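Since the structure comes first, as structure tokens, the remarks are kept for the end.
The values are calculated or read from the model by the stated rules, or taken from the named source; none is laboratory data. Given the structure is predicted, the values throughout are model-derived calculations rather than measurements. Cβ atoms come from the backbone with ideal geometry, glycine included; neighbour counts cover every protein chain shown. Ligands, DNA and RNA are excluded from the accessible area calculation, which covers all protein heavy atoms including side chains. Shrake-Rupley method; radii C 1.70, N 1.55, O 1.52, S 1.80 Å.
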Amino acid sequence: MSVSVEQIRQHLENNPAAMPSQIAEELNISELEVVSALPDEQLAILPLAEKDALLAELPEWGNMTTIVSASGSIFEFKGSFPKGKYAHGYYNLITKGDGLHGHLKLDVITAIALISKPFRGTESHSINFFGQQGEVVFKVYLGRDKKRVLLPEQVARFNELKQQVLTETA
């Protein structure tokens with residue numbers, strides 16, 4: 001069964017609190033298909049040619065939440081996104097001591113979405129990296145202070161990046 005963009009949008013409208021992953025599961029489509037149907041004000045697709053610049057910039061943004069989902073489990077890391085470098089076919093995250101470590105297989109990333117979608121009634125912004133099947137490989141959510149308020153300098157950087165993408169693709 002094929003699902004149209006209008007059907008996805010209707011589902012999003014009828015279920016504003018639902019996460020894209022939930023809607024994808026309900027409609028039996030990829031999460032990228034759901035995200036691609038978000039209203040224009042909630043979405044910008046970053047050109048893949050910009051991924052290296054983005055990954056070089058993210059460590060300067062400060063504490064954020066990086067999320068990796070695997071088989072229904074969700075792993076979260078709160079802290080700065082680490083710097084990295086390419087070696088042996090991976091983008092290797094470089095962390096001295098404690099912090100997020102890992103090896104990103106960036107050649108399988110097919111889309112990077114900048115998403116501004118409320119989560120449980122609060123403003124939320126994330127950068128989602130999608131794989132070849134339209135699945136989220138990992139997400140980076142903007143950080144919050146102790147009162148759960150988004151960090152204004154990160155919101156400004158995110159909005160600037162999103163506006164830059166929208167201007168370039170217009």
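A few points about this structure:
- Selection count where residues are assigned to a loop (DSSP other than H, G, I, E, B), exposed (fewer than 11 other Cβ atoms within 10 Å of the Cβ) and out of contact with any Asp or Glu (no Cβ under 8 Å at 6 or more places or on another chain), scope the stretch 81-107: 4
- A single entry from Leu114, Leu38, Leu32 fulfils the requirement of being in a strand (DSSP E or B), under 20 Å from Ile8 (Cβ atoms) and within 17 Å of the chain's Cα centre (by Cα): Leu114.
- Lone qualifier among Ile8, Ile74 - being more than 14 Å from Phe129 (Cβ to Cβ) and under 16 Å from the mean Cα position of the chain (by Cα): Ile74
- Residue match in the stretch 43-61 (condition: over 13 Å from the mean Cα position of the chain (by Cα), farther than 21 Å from Thr167 by Cβ, assigned to a loop (DSSP other than H, G, I, E, B) and not polar (S, T, N, Q)): no
- Some residue of the stretch 11-21 being open to solvent by 40 Å² or more (accessible area, probe 1.4 Å), out of contact with any Asp or Glu (no Cβ under 7 Å at 6 or more places or on another chain) and polar (S, T, N, Q): yes
- Every listed requirement among (1) more than 15 Å from Val35 (Cα to Cα); (2) open to solvent by less than 70 Å² (accessible area, probe 1.4 Å); (3) at pLDDT below 95; (4) touching a helix residue (DSSP H, G or I) at 6+ places or on another chain (Cβ under 9 Å) is met by Lys117 save one, (1).
- Leading residue by the ranking (most open to solvent (accessible area, probe 1.4 Å)) among those in the stretch 120-132 that are in a strand (DSSP E or B) and out of contact with any Lys or Arg (no Cβ under 6 Å at 6 or more places or on another chain): Thr122
- Only residues that are open to solvent by 60 Å² or more (accessible area, probe 1.4 Å), out of contact with any Ser or Thr (no Cβ under 7 Å at 6 or more places or on another chain) and closer than 26 Å to Ile45 by Cβ were counted across the stretch 70-80, and they come to 2.
- Selection of the stretch 133-161 for residues being surrounded by 12 or more Cβ atoms within 10 Å (Cβ to Cβ) and not hydrophobic (A, V, I, L, M, F, W, C) yields Gly134, Glu135, Lys139, Tyr141, Gly143, Arg144, Glu153, Gln154, Arg157, Asn159.
- Tallying residues that are in a loop (DSSP other than H, G, I, E, B) and at pLDDT 90 or above within the stretch 5-29 yields 2.
- Pairs with Cβ under 8 Å, 6+ apart, first in the stretch 1-22 and farther than 19 Å from Glu123 by Cβ, second polar (S, T, N, Q): Met1/Asn28; Val3/Asn28; Val5/Ser36; Ser21/Ser69; Gln22/Asn15
- Lone unmet requirement of (1) of a type in the set (Gly, Ala, Ser); (2) within 16 Å of Thr65 (Cα to Cα); (3) over 13 Å from the mean Cα position of the chain (by Cα) for Gly97: (2)
- Of all residues assigned to the stretch 26-49, at least one qualifies as being under 30 Å from Lys85 (Cα atoms), open to solvent by 40 Å² or more (accessible area, probe 1.4 Å) and free of Cβ contacts under 8 Å to residues at least 24 places away in the same chain.
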